[in-house]
Amino acid sequence: QVQLVESGGGLVQAGGSLRLSCAVSGRTFSNYDMGWFRQPPGKEREFVSAVRWSGERTYYADSVKGRFTISRDNAKTTVYLQMNNLKPEDTAVYYCAASPRGSYVSSYYYTSTSYDYWGQGTQVTVSS
């Protein structure tokens, strides 16, 4: 089955940058829409970003727009999340997710139930 493995998390000072990677194996990666979610300590999982299978359309939560950039390399079956100007409120476990279905409705990508496969998560901690 589909396996997703995140990497690149760590501890960074406010204003710093991190680049998360999510390596995907199994099935057909190029046909999957990919998303990033995060779960701050003691809070619910929330949407961060998503990218269509073609890479031509991306989606961002308002809280990260202008600071985070999602991209994908279908040849490497990997999706990335470049995080710049990090803030303490970005501290969370970050998860990548895959949806083999897709949608023309933008709100589809903001909902965790739209994704069938999830990685184990990687911790991002931003110090003040």
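The values are calculated or read from the model by the stated rules, or taken from the named source; none is laboratory data. All values reported here derive from a predicted model rather than from experimental measurement. As a convention, Cβ positions derive from the backbone with ideal geometry for all residues, glycine included, and neighbour counts pool all protein chains shown. The area values use the complete protein model at the heavy-atom level, side chains included, leaving out ligands, DNA and RNA. Shrake-Rupley method; radii C 1.70, N 1.55, O 1.52, S 1.80 Å.
Brief remarks follow.
- Loop trypsin sites (Lys or Arg not before Pro), region 24-85 (other Cβ atoms within 10 Å of the site Cβ: 12 or fewer; DSSP): Lys43, Lys65, Lys76
- Share of Cα-Cα pairs in the chain lying beyond 18 Å, as whole percent: 46
- The 3J(HN,Hα) values that the Karplus relation (6.51, -1.76, 1.60; θ = phi - 60°) gives for region 43-60 are, in residue order, 10, 6, 5, 9, 5, 10, 6, 8, 9, 5, 4, 7, x, 8, 9, 10, 9, 9 Hz. Gly and Pro appear as x.
- Selection from Ser7, Ser25, Tyr117, by position along the positive dipole direction of the chain (Cβ): Ser25
- Per residue, in Å², the accessible surface of the chain once ligands and nucleic acids are set aside, probe 1.4 Å: 51
- Structure remark: mean-square fluctuation, Gaussian network model of the chain, C-alpha springs under 10 Å; the largest value among Pro88, Pro100, Pro41 belongs to Pro41.
- Point-charge dipole on Cβ atoms (K/R +1, D/E -1) for the chain, about Cα centre, debye to 20: 160
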